[in-house]
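The values are calculated or read from the model by the stated rules, or taken from the named source; none is laboratory data. Remember, predicted model here, so these are calculated numbers, not experimental data. Cβ placement follows ideal geometry from the backbone for every residue including glycine, while neighbour counts extend to all protein chains displayed. Accessible surface areas use protein heavy atoms only, side chains included; no ligands, DNA or RNA. Shrake-Rupley method; radii C 1.70, N 1.55, O 1.52, S 1.80 Å.
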Amino acid sequence: MYRSLSLYIDGAFIPADERTTRPVRDPATGTVIGALPLATTADLDRALAAAQRAFAAWRNTPAHERSAILRRVAELARERASDIARCITLDQGKPLAEAKGEVVTCADHAEWHAEEGRRIYGRVIPARAPHIRQFTVREPVGVCAAFTPWNFPFNQAIRKMVAALGAGCTLILKGPEEAPSAVVALAELFHDAGLPAGCLNVVWGEPAEVSRYLIESPIVRKVSFTGSVPVGKQLAALAGAHMKPVTMELGGHSPAIVCDDADIDNAATVLARFKLRNAGQVCTSPSRFYVHAKAYDRFMAAFLTQMREVRVGPGLDPATQMGPLANPRRVAAMQQFVDDARGHGGQIVTGGSAAATGYFFEPTVVTELPDHAMLMRDEPFGPIAPVVRFTDLDDAITRANSLAYGLSAYAFTGSTARATQLANTLQSGMVHINHIGAINPEIPFGGILDSGMGREGGAETFDGYLVTKYVTQV
Ligand code: NAD
């Protein structure tokens, strides 16, 4: 049912052979479904050498040839979406439809970067003397090291791959050891699409050891990471010590403000459904709900209906709407949030418990929490929603802006003036008003403050992978 797993170095898929392996588990049952080969130091050195060698040719490959390969990746991703999705559900846990949706929307990312990569322009700068020509060109930064997490294992890896490769960089990517099938499938897509050997390399290992080794290597010129704030800060510090630029897509603790003049039922329904997507393991998940006191009862009625009705089960069951959490750490974390909430006088209105088998946790709603409770301060990254009241919008905005996170924010109001106020004052890389906007490739995705730096997607997507060279010529 599951797939074979390998490293991918210098255009070759490398099985475990004598290497150490790490078990891969099905989160719905906890049973071992695969063995992931971990890279040796010699493997990492080979990946570095291959990426360096390949860069010399890939940076000079015409953009329209690079574009054709990315477009072929998109086609292959669509063709293979069902098989890839099945393995994502097996090792990550999300419902099959969500997994398939992830793969199909990522084909769009590959296609979009194929097109944008053909439009990386420099500019002519008017000179101060008629015999001087001066201009800029944008050159690929070099070999990149990328580290991607387990919550959207296909999406987060392909976004880094297409941005780096589309800009003319080569890369070594370490994917999530707990949910590795998507990244191996991606390596196959690029391989079969004709990507030259060495342009993309996939390695696995002990995350801290692999990231240190790659970031400290003089061959690597750029670091890109998606994951938690603490790890992002460690990697950014290490990269900084070696003067390497970073793109950091880190955690969030997104506020959702619901005003009394909003369409309350719609707000509750939309927010509850998005909250439980991927069992809440989404960095942009709404995770602090501030509801106007006058709208509170109506909001809670609709919100609780949604949270209670969702069908929780194994991701391969077509009836399942929410799967298990991806690993036992998240289950333990949910229990800690619930215990802390109870300790702060919080009411567990629904849910609050883990299942006996698999890594399941019930959709959970907590009320009556003070702002200093753990759930109101730390990113839950799971199916747990604290709902609190407000009476003054300025105060709600202050509370929403009170944390060091700044990834996504949500607001619902029927007033244009309030919508404008919310858009202007919410401190966040992304603000969604009266709906949950899709994260399509043309959207500049990313955070401010502790939630990271740099953008993936949008017109900014290649910025982190390019350097500007100024040329003056007489
Ligand atoms: P974690 O901080 O241990 O790991 C997060 C990710 O970083 C994992 O994929 C892990 O393999 C990787 N990682 C950890 N240490 C690393 C290192 N030194 N070098 C390179 N990679 C490293 O946390 P976790 O328990 O796996 O995940 C839970 C937390 O991670 C959540 O609270 C959430 O904030 C965050 N997270 C965020 C995203 C996101 O999309 N921004 C995705 C997944 C996890």
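Side notes on the structure shown:
- Modelled label reach - Glu460, point 7 Å along Cα→Cβ, segment 78-109 residues with backbone N closer than 20 Å: 109
- Between 0 and 90°, nearest 10: helix 181-192 axis offset from the chain longest Cα axis: 30 degrees
- Counted over segment 365-406 with a bin width of 10 Å, the fraction of Cα pairs per bin, in whole percents, is 25, 59, 15.
- Coordinate range along principal axes, alpha carbons of segment 234-354, Å, largest first: 54, 37, 33
- Kirkwood-type radius of segment 236-286, with distances r between different C-alpha atoms, in Å: 13.6 Å
- According to the Cα-based calculation, Rg over Rh for segment 284-351 is 1.01, with Rh computed by the Kirkwood formula.
- Long-range amide H partners of Thr247 with built H, under 5 Å: Val223, Ser224, Phe225
- From helices alone, the chain scores -12500 deg cm²/dmol at 222 nm; the rule is -39500 (n - 2.57) for each run of n ≥ 4 DSSP H residues, then divide by the residue total.
- Euclidean distance between Cα centres, segment 8-50 to segment 271-315, Å: 37 Å
- Here segment 1-131 has an Rg and Dmax of 20.4, 73 Å, counting Cα atoms alone.
- When the chain is reduced to its Cα atoms, the Kirkwood hydrodynamic radius in Å: 23.1 Å
- Fraction of beta bridges assigned by DSSP in the chain that are antiparallel (%, nearest 5): 40 percent
- Approximate spin-label separation Arg212-Ala97, in nm, with each point projected 7 Å along Cα-to-Cβ: 4.6 nm
- Most simply put, segment 338-453 has about 35% antiparallel DSSP beta bridges, counting only bridges with both residues inside it.
- Kirkwood Rh in Å, taken over all unlike Cα pairs in segment 365-474: 16.4 Å
- Stretch gain in nm, segment Arg389-Ser228, where the contour uses 0.36 nm per residue and the Cα spacing is subtracted: 55.1 nm
- Computed over the Cα atoms of segment 168-241, the ratio of the radius of gyration to the Kirkwood radius (Rg/Rh) comes to 0.98.
- Ligands, DNA and RNA are left out, and with a 1.4 angstrom probe the accessible area of segment 212-263 is 36 Å² per residue.
- A simple rule links phi to the HN-Hα coupling: the Karplus curve 6.51 cos²θ - 1.76 cosθ + 1.60 with θ = phi - 60°, which for segment 410-426 gives 10, 8, 10, 7, x, 9, 5, 4, 5, 4, 5, 4, 5, 4, 6, 10, 6 Hz, with x for Gly and Pro.
- Cα long-axis angle, helix 328-343 against the chain (0 to 90 degrees, to the nearest 10): 40 degrees
- Computed from Cα positions, the angle between helix 207-216 and the longest principal axis of the chain comes to roughly 40 degrees.
- In a reduced charge model with +1 at each Lys and Arg Cβ and -1 at each Asp and Glu Cβ, the chain shows a dipole moment near 1120 debye about its Cα centre.
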